[in-house]
Structures are given as C-alpha cells and as structure tokens.
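**Q** Next up is a structure, given as structure tokens.
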C-alpha cells in the first residue's frame, strides 16, 4: 500500500488541486492511503472531505522580508519545523510527498529531501512562489499550470480540478440556472471575487445592477461570505455570499467577471465561458500573468482593479454583453484552452516517482 503525503498551503487555491489529485490517486490505486500536511490556522479542516482528515499541521513560516525579531528567530523556527516534519513523514511512512506550494510547503519539501522521500510539486500560478522555487531545486518532478512558468524541470499539465468541475458539462445550462433561481433562457452575467469576495467588484456591480437587468440579462453575484447582502436589488439580480457549487455557477454563466486566480482561470477555460478578468495585484503580481495566455487567445479581456468602475461597465461591459457574436467567438477560443486531465497528470507523476524512488 502506497502512502501519499499531500501538502497544501492552507488556502482554497492550494487545497482544491490537492483534493483533485487525491481523487485521481484513489481511482488509480484504490489501496492508497493519504496523510495531509496542513497549515496551522488553515482551511484544511473546512475544505477537505472526511477521508482526507488524517493530518498533521506545521506552522506558517513566510520568509522574512525585512530585518527584525521575526527574521532573527526565523532560522531556528525553520530548523525546528523541518525536523518536526521529517519525523512526521517517517512516522507516517510516507512513500512520496506531493506539494502544491504555500507557507507550509517549503520546510516539508526540505524534510522530504533529507528523508530521501520522492517529491512531486505542482505550481498553479504563472509566477511561482518561493516555496515551489525551493522545491524545484530538490526534485525533477515539477508540474505547472501555465506555459512559461519559470521553474526548472517544469512540465505543463494544467490545473488539477475535481471531478465535479470536470463533469459540469453533463449538467444542462437550464438545470444550472434553476439551481440558483435563475430563468432558463435569459443570459447570465456571473460576477465573483472568490470565496471571500472583492469589495471593489461588489460596489461596482451593485451600482449598475438595474442597468444590467434592463439590458436583458440576469446577474449571479457571488459577493463573498463575509459581505452583507445589498438592499433594493432588482428582480433578476441574485446575490449570494458563497456557493459550494462553483461548477454550476460557471455552467449557468454566459459571461464571467472575476479575479484571475489560477484555479478560476483554469475553471473558466474548462467551461468555455468568455470572461472579463480583473486581477488582484497581490504577491508578485501573478494574477496578471495567470490571465495573459487567455487574453492573448482572444478568449477574455482584462481591466485593472482601479478601472473597473460603473462607467467602465457602461462603456465596455454592457456593449460586450450586447454583442452575441463577439461572445461566441471568445467562447470558442476559451474552450480551445481547456485542460481536463491535469489531476491525472500529477497523480501519474506521483505514482512514477514512487516507482523510480528518490
């Protein structure tokens, strides 16, 4: 029996591909067992299915970026975390470590290398984080989502996505719309800033709610679970704090307005829906890079966060909503970018790593 240690970074963007790869590994190897390396204070307990709750946690250890008390103590905390992870991996008899980046990952990668446990990493973003930059120097088994990702040994496999997302096309558009209380035959603008929402997107789309509906559209607005529901919205504007059926939300959509996280871009590509990306400039600016290939293919347009205003909606978004031919062209280009077998690619890489050893 093979034991896979799966290491995600405590956020949905790391945990979702982790679950997708676990599903594929279970399909390929029904006798497989799993241990998840979680982040203290992360979302693993919330997001992981019950059969992946065998877990040990390590503290968040972001690399220090300035001199101070944290920087002075960092080497000692780092060594202690690596030693703890090393002991846990040995105690759990891990045969391979599969990592998806994030604060948790770097010490676990080093622990795997020291223990001579095969290591596989997947980088979701077009610009890699520091943990996966380190990991890519410790293994040849490097999978990436986007072409041109600057990591050694990179193999482009795409974004691992759960079976429910990959199978969304089996659900009819009318069924997906019915799930959200939307009309079956009226086009739908899906607006989402991710699970926590985006205040700037929320303010803009709520300001033009009536204009979008008057244009003959419905709006499905995923405002973020911690954001209050707005008042006085017109019929045809559905505002939800959160949905666990993002697959159906994308299936229901005729056009998507969203951030450009790696998982979001990949899911939109898979569903073949034209998009407007509003990257959130965070970290090293990876969201702009995540969206670049889709923009270049003519499948989406991009607008900066500061420029996504009610006036931009009136002058640019509403005309796109009215141009069915343009949206159909974008949808065709989007579908050509879709990658549906990334989870299988990473799972097979993990299996191969266990066979060839460290």
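The values are calculated or read from the model by the stated rules, or taken from the named source; none is laboratory data. Remember, it's a predicted structure, so these values are computed and weren't measured experimentally. For neighbour counting, all protein chains shown are included, and Cβ atoms are generated from backbone atoms with ideal geometry for every residue, glycine included.
**Q** When residues of the stretch 209-242 are filtered for being part of a loop (DSSP other than H, G, I, E, B), touching a strand residue (DSSP E or B) at 6+ places or on another chain (Cβ under 6 Å) and in contact (Cβ under 8 Å) with a residue 60 or more places away in the chain, how many remain?
**A** 1
**Q** Check off (1) touching a helix residue (DSSP H, G or I) at 6+ places or on another chain (Cβ under 6 Å); (2) surrounded by fewer than 18 Cβ atoms within 10 Å (Cβ to Cβ) for residue 278 and give me the number that stays unchecked.
**A** Every condition holds for residue 278 apart from (2).
**Q** Turning to a different aspect of this structure: Give the residue, chosen from 194, 181, that is farther than 16 Å from residue 238 by Cβ and part of a loop (DSSP other than H, G, I, E, B).
**A** 194
**Q** Taking the conditions exactly as written (surrounded by fewer than 21 Cβ atoms within 10 Å (Cβ to Cβ), in a strand (DSSP E or B) and touching a strand residue (DSSP E or B) at 6+ places or on another chain (Cβ under 7 Å)), does residue 301 satisfy them or not?
**A** Considered against the rule, which asks whether it is surrounded by fewer than 21 Cβ atoms within 10 Å (Cβ to Cβ), in a strand (DSSP E or B) and touching a strand residue (DSSP E or B) at 6+ places or on another chain (Cβ under 7 Å), residue 301 comes out as yes.
**Q** For the stretch 168-191, what are the residues that are within 17 Å of the chain's Cα centre (by Cα) and at pLDDT below 95?
**A** The one that is within 17 Å of the chain's Cα centre (by Cα) and at pLDDT below 95: 168.
For (1) in the same structural domain as residue 212 (by TED's automatic domain parsing); (2) farther than 27 Å from residue 132 by Cα; (3) within 22 Å of the chain's Cα centre (by Cα), each residue gets a yes or a no:
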{"residue": "265", "(1), (2), (3)": "yes, no, yes"}
{"residue": "275", "(1), (2), (3)": "yes, yes, yes"}
{"residue": "279", "(1), (2), (3)": "yes, no, yes"}
{"residue": "286", "(1), (2), (3)": "yes, no, yes"}
{"residue": "297", "(1), (2), (3)": "yes, yes, yes"}
{"residue": "300", "(1), (2), (3)": "yes, yes, yes"}
{"residue": "304", "(1), (2), (3)": "yes, yes, yes"}
{"residue": "326", "(1), (2), (3)": "yes, yes, no"}
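**Q** Also, I was wondering about something else. Is one or more of the residues making up the stretch 71-92 crowded, with 16+ Cβ neighbours inside 10 Å and in contact (Cβ under 8 Å) with a residue 60 or more places away in the chain?
**A** Yes, the stretch 71-92 contains at least one residue that is crowded, with 16+ Cβ neighbours inside 10 Å and in contact (Cβ under 8 Å) with a residue 60 or more places away in the chain.
**Q** Continuing with the same structure: What's the number of the only condition in (1) exposed (fewer than 14 other Cβ atoms within 10 Å of the Cβ); (2) without any contact (Cβ under 8 Å) to a residue 40 or more places away in the chain that residue 288 fails to meet?
**A** (1)
**Q** Inspect all residues belonging to the stretch 262-273 and state whether any of them is surrounded by fewer than 21 Cβ atoms within 10 Å (Cβ to Cβ) and at pLDDT 90 or above.
**A** Yes: the stretch 262-273 contains one or more residues that are surrounded by fewer than 21 Cβ atoms within 10 Å (Cβ to Cβ) and at pLDDT 90 or above.
**Q** Okay, moving on. Can you report the number of residues in the stretch 56-70 which are farther than 21 Å from residue 119 by Cβ and either surrounded by 14 or more Cβ atoms within 10 Å (Cβ to Cβ) or in contact with a helix residue (DSSP H, G or I) (Cβ under 7 Å, 6 or more places away or on another chain) (or both)?
**A** 1
**Q** Specify the residue that is surrounded by the most Cβ atoms within 10 Å (Cβ to Cβ); the eligible residues are those in the stretch 94-113 that are in a helix (DSSP H, G or I) and out of contact with any helix residue (DSSP H, G or I) (no Cβ under 6 Å at 6 or more places or on another chain).
**A** Filtering first and then ranking leaves 112.
**Q** So residue 35 passes all but one of these: (1) over 17 Å from the mean Cα position of the chain (by Cα); (2) in contact (Cβ under 8 Å) with a residue 40 or more places away in the chain; (3) surrounded by fewer than 24 Cβ atoms within 10 Å (Cβ to Cβ); (4) not in a strand (DSSP E or B). Which condition number does it fail?
**A** Exception for residue 35: condition (4).
**Q** Which one is surrounded by the most Cβ atoms within 10 Å (Cβ to Cβ) among residues in the stretch 2-32 that are in a loop (DSSP other than H, G, I, E, B) and either touching a residue at least 40 places away in the same chain (Cβ under 8 Å) or assigned by TED's automatic domain parsing to the domain that holds residue 261 (or both)?
**A** 8
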